[in-house]
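Read the structure below first, then the notes.
The values are calculated or read from the model by the stated rules, or taken from the named source; none is laboratory data. Quick caveat, the model's predicted, so the values are computed rather than measured. Here the Cβ positions follow ideal geometry from the backbone for every residue, glycine too, while neighbour counts run over all protein chains shown.
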Amino acid sequence: MAHSYTPGLRVARLTHIVKERRLPLRGEVMVAVGDKVAARQVVARTELPGNVHPVNCCSQLGILPADIETALTIKPGSSLTKGQIFAQASSFFGLFKSRCACPIDGILESASPITGQVILREPPIPVEVTAYIAGWVVKVFPNEGVEVECHGAFVQGIFGIGGEKFGTIKMAVAKPDDILDAADIGGDMLGCILVGGRCVTLAGFRKALENGAAGVVSGGFQNYDLKRLLGYEQGVAITGHEDLAATLILTEGFGEIEMAHRTFNLLKENEGRQASISGATQIRAGVIRPEVIIPSEFGKTAVEEHKTSGGLEVGDTIRVIRQPYFGHIGTVTALPAELQLLESGAKVRILEADLGDGKPVVLPRANVEIIED
C-alpha cells in the first residue's frame, strides 16, 4: 500500500552522530584519522583574502597611468602600515612633491599602467573550524576539513536562533510545563545551557544573556518577542548567524507549548554534562534543524538502532503540527487505508491517535510529524 512521507524530529537517548566540518575554501587540516578531539578543538584553519581598497594614484599625483609604476616607492607584494607613503611624484623641477599615503594596514597588491589605480588589500582574515562535538576523527578531506563522529544523546528542535555553542546542561525549571522567567535565573550562569519548560519569556532569555549562559532550550517562545529580541522581523531563510551571545532552541514551536516529556526527561538525565548546541534552522532547500548533542561519557559504545522515517506505523509517537490539536504529543493507534472526506471537500489519508487522554482522535496524516526514537 502506498504511503506519504512523514517528516520527523529525532529524540534519542543514545545514537550515532556524524558531523562534517569543512572550511569555506582550501586550507590546512590540523588533525588525522583516529584522533580524539574536544568540541572546541580547532580541526582545520585557513585565511580569507582581506578586503580590497583601490586608490586612484594618478589623480592624486597628477601623472599619467603609464607612469604609475615608476611613482611607486615600494614593490607590489610589500607590506604597508596605515599612513605610510607608497607612491610620490615631483613637479616643477622637483620643487613640489605629491604623495599617496596608505589608508589601511595591508599589502600593495598591484598597480595598473592602464587605469593608474593601485590595489591595496587588507590583511587576510583567519578562519578556524572546530570539531563542534567531542569524539573521533573518522575521515579527512585533504585541505578542506574532517568528519567527526561520536555516540550520545541527540535532540532536534523546531526552531532556533544563534550559532554553535558549548556548555553544561542545567535544568532551570522543575517540570516540562513550567515557564522560565527572569526570576528563575540567578547567579553566574557562565557556560550553562539552561533547560526551560513550556516557554521562556523575553525577560528570562535576556537575563540568561546577562548572566553568561551559552544557550536556552525551551518548549516555546512568543513570536512577537522574537522581533523585540532581534530588532527585526525574522524571515524564512536559514537562521544561526544572529549576533547573540546565547543560542535559543525551541523544541515545540512558538507560543506556550509544554515541552514533550521525553525530551524534558532526556535533558534532565544529562544535567551536568557537556553539550554542543546549534540554533541553525532552515525549512527550505534542504531542511536544517536546531539541535542539542550530548556526547557519551563512555566513548565508542553500542548505540540504539535508528529507524529512518518514511511512513507512519501503529505505535509511532507523533506531534500534531496544525490546529485544533497543535503541539499535542500522542501515539498512533490506527492507520485506516481508506481515504476520508474532510469538511473542506478534500479526500485524504487519516490516522487515529491517542493524545494522552485515552480518547482516540482522527487526524489527517499531513497534520502530524513523527518524533523519532
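A Cβ distance below 8 Å, combined with a sequence gap of six or more or placement on separate chains, defines the contacts here; from the stretch 11-39, residues that are under 11 Å from Val129 (Cα atoms) reach residues that are modelled with pLDDT under 95 and among the aliphatic types (A, V, I, L, M) in the pairs Pro24/Leu48. All conditions in (1) touching a Lys or Arg at 6+ places or on another chain (Cβ under 8 Å); (2) under 24 Å from Glu369 (Cα atoms); (3) free of Cβ contacts under 8 Å to residues at least 40 places away in the same chain hold for Leu194, with the sole exception of (2). The set of residues in the stretch 21-68 being at positive phi and either hydroxyl-bearing (Ser, Thr, Tyr) or assigned by TED's automatic domain parsing to the domain that holds Gly135 (or both) consists of Gly34 alone.
Residue-wise test of (1) under 21 Å from Ala246 (Cβ atoms); (2) surrounded by 18 or more Cβ atoms within 10 Å (Cβ to Cβ).
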site	(1), (2)
Pro142	no, no
Val148	no, yes
Gln156	yes, yes
Ile161	yes, yes
Phe166	yes, yes
Asp178	yes, yes
Ala183	yes, no
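Scanning the stretch 283-304 for residues that are under 16 Å from Val11 (Cβ atoms) and at pLDDT below 55 yields Val303, Glu304. Annotation note: of Leu194, Leu250, Leu266, the sole residue that is closer than 24 Å to Gly356 by Cβ and buried (at least 23 other Cβ atoms within 10 Å of the Cβ) is Leu250.
Confirm whether Gln156 is within 30 Å of Ser278 (Cα to Cα) and at pLDDT below 95.
Against the criterion (within 30 Å of Ser278 (Cα to Cα) and at pLDDT below 95), Gln156 qualifies.
Which members of the stretch 160-176 meet the condition of being basic (Lys, Arg) and not in a loop (DSSP other than H, G, I, E, B)?
Lys165, Lys170
A single member of Ala208, Ala203 is closer than 17 Å to Ala245 by Cα, free of Cβ contacts under 8 Å to residues at least 24 places away in the same chain and out of contact with any His (no Cβ under 6 Å at 6 or more places or on another chain), and it is Ala203. Counting only residues that are basic (Lys, Arg) and farther than 19 Å from Pro290 by Cα, the stretch 126-173 holds 1 of them.
For the stretch 197-301, give me every one of the helices (runs of 4 or more DSSP H) that falls completely inside it and has 2 or more residues that are within 20 Å of Ala183 (Cα to Cα) and small (Gly, Ala, Ser).
202-210
Scan the stretch 177-196 for residues that are outside any helix (DSSP H, G or I) and at pLDDT below 95 and the total you get is 8. Scoring Pro65 on the criteria (1) surrounded by 12 or more Cβ atoms within 10 Å (Cβ to Cβ); (2) without any contact (Cβ under 8 Å) to a residue 12 or more places away in the chain leaves a single failure, condition (2).
Of all residues in the stretch 86-134, count the ones that are assigned to a loop (DSSP other than H, G, I, E, B) and either at negative phi or crowded, with 16+ Cβ neighbours inside 10 Å (or both).
Qualifying residue count for the region: 17.
Which one of Lys97, Lys82 is in contact with a Ser or Thr (Cβ under 7 Å, 6 or more places away or on another chain) and among the charged types (D, E, K, R)?
Every option except Lys97 fails the conditions.
Among the residues of this structure, Asn143 counts as one that is at pLDDT 95 or above, of a type outside the set (D, E, K, R), over 18 Å from Val18 (Cα atoms) and not assigned by TED's automatic domain parsing to the domain that holds Ile249.
Residues that are closer than 30 Å to Glu291 by Cβ and touching an Asp or Glu at 6+ places or on another chain (Cβ under 9 Å) do occur in the stretch 106-125, at least one of them.
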